[in-house]
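The structure appears below as structure tokens.
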Amino acid sequence: MDEIDEELKSDDYRIVAKYTKENFKAFELVDYDDFAKQWVGQRWNQTGMVHCNFYHSSQMNIVIMGDAAHATSPTIGMGMNTALRDAQVFCNILKENNDDLTLTLPAFSEARVKEGNSLTSLASNLYCVETKPQIVETIHLIVRSIFHKKFPSFVDDHPQNMVGVRGVMLCDVYDHATKLGIIPKHRCINEKVRNDYFEKSCG
């Protein structure tokens with residue numbers, strides 16, 4: 001954060017808009033003021049969360065992917081990877097269906113919604129926001145990792161070690177974390193903490 005130019009740290013959207021227009025030459029934005037207002041209004045440690053049940057509209061012939069479909073916090077570091085995978089899967093399905101959107105769009109939703117929802121769920125609940133339960137989970141991670149290395153046929157790896165591994169889908173990581181009881185336990189604690197904070201901050 002210290003290395004970012006002072007203009008980008010400004011609370012004045014006009015300064016950010018001017019800086020962006022003068023320095024970001026790779027592509028031209030339609031509305032620099034709108035971009036700057038969003039930049040100023042979104043603190044670096046606050047992230048919107050998007051959780052969708054489908055990623056297309058057959059009626060309007062549109063599709064959403066990436067952050068439009070499954071924006072989340074960066075806790076597991078898989079947002080960009082999942083967005084790129086969305087594009088790859090869409091391209092493959094489009095080719096398989098000879099550019100027929102009536103077949104491609106619902107097939108894309110079927111292929112990617114589970115993965116996108118797993119991303120947002122893992123980012124929210126693979127870690128616990130309370131210190132003691134997270135320390136317990138970190139110990140679980142270390143112990144399970146050691147036993148998995150020694151006895152891979154008998155002990156499955158910890159879900160955190162599976163995130164980002166080639167060939168391992170996030171929905172598989174989510175299922176594994178759920179079976180181990182990690183997701184249900186953390187979800188219960190995290191939602192209580194968030195709700196308590198909301199009630200205190202809003203009265």
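The table that follows gives values for the structure above.
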quantity: Over the chain: helical MRE at 222 nm, DSSP H runs n ≥ 4 each giving -39500 (n - 2.57), nearest 500; calculated: -19500 deg cm²/dmol
quantity: Share of Cα-Cα pairs in the chain lying beyond 24 Å, as whole percent; calculated: 57
quantity: Of Thr138, Thr104, Thr82, the one that fluctuates the most in a GNM where the chain has Cα springs shorter than 10 Å; calculated: Thr138
quantity: Exposed-loop-free span, longest in the chain, where trypsin sites (Lys or Arg not before Pro) count as exposed if DSSP calls them loop and at most 14 other C-beta atoms lie within 10 Å; calculated: 44-165
quantity: Qualifying chymotrypsin sites (Phe, Trp or Tyr not before Pro) in the range 152-198, DSSP loop, other Cβ atoms within 10 Å at most 14; calculated: Phe154
quantity: Of Asp100, Asp175, Asp11, the one that fluctuates the most in a GNM where the chain has Cα springs shorter than 10 Å; calculated: Asp11
quantity: Extension gain from Val129 to Asn92, taking 0.36 nm per residue of separation minus the Cα-Cα distance; calculated: 9.5 nm
quantity: Alpha-carbon Rg/Rh ratio, for the range 59-99, with Rh computed the Kirkwood way; calculated: 1.07
quantity: In Å, descending, principal axis extents of the Cα set of the range 39-113; calculated: 43, 24, 20
quantity: Cleavage-rule hits (GluC sites (Glu not before Pro)) in the range 93-174: DSSP loop, at most 14 neighbouring Cβ within 10 angstrom; calculated: Glu130
quantity: Of Ile15, Ile189, Ile135, the one that fluctuates the most in a GNM where the chain has Cα springs shorter than 10 Å; calculated: Ile15
quantity: Accessible area of the range 113-203 belonging to carbon and sulfur atoms, whole % at 1.4 Å probe; calculated: 60
quantity: Surface accessible to a 1.4 Å probe, per residue, for the residues of the chain, Å²; calculated: 67
quantity: Alpha-carbon centroid distance for the pair the range 85-153 / the range 12-36, whole angstrom; calculated: 34
quantity: Potential extension, Val143-Asp33 segment - 0.36 nm per residue separation minus Cα distance; calculated: 34.5 nm
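The values are calculated or read from the model by the stated rules, or taken from the named source; none is laboratory data. This structure is a prediction, so every number in the text was calculated from the model and none was measured. Here the Cβ is made from the backbone with ideal geometry for all residues, glycine too, and neighbour counts use every protein chain on show. Protein only, heavy atoms only, side chains kept; ligands, DNA and RNA dropped before computing areas. Shrake-Rupley method; radii C 1.70, N 1.55, O 1.52, S 1.80 Å.
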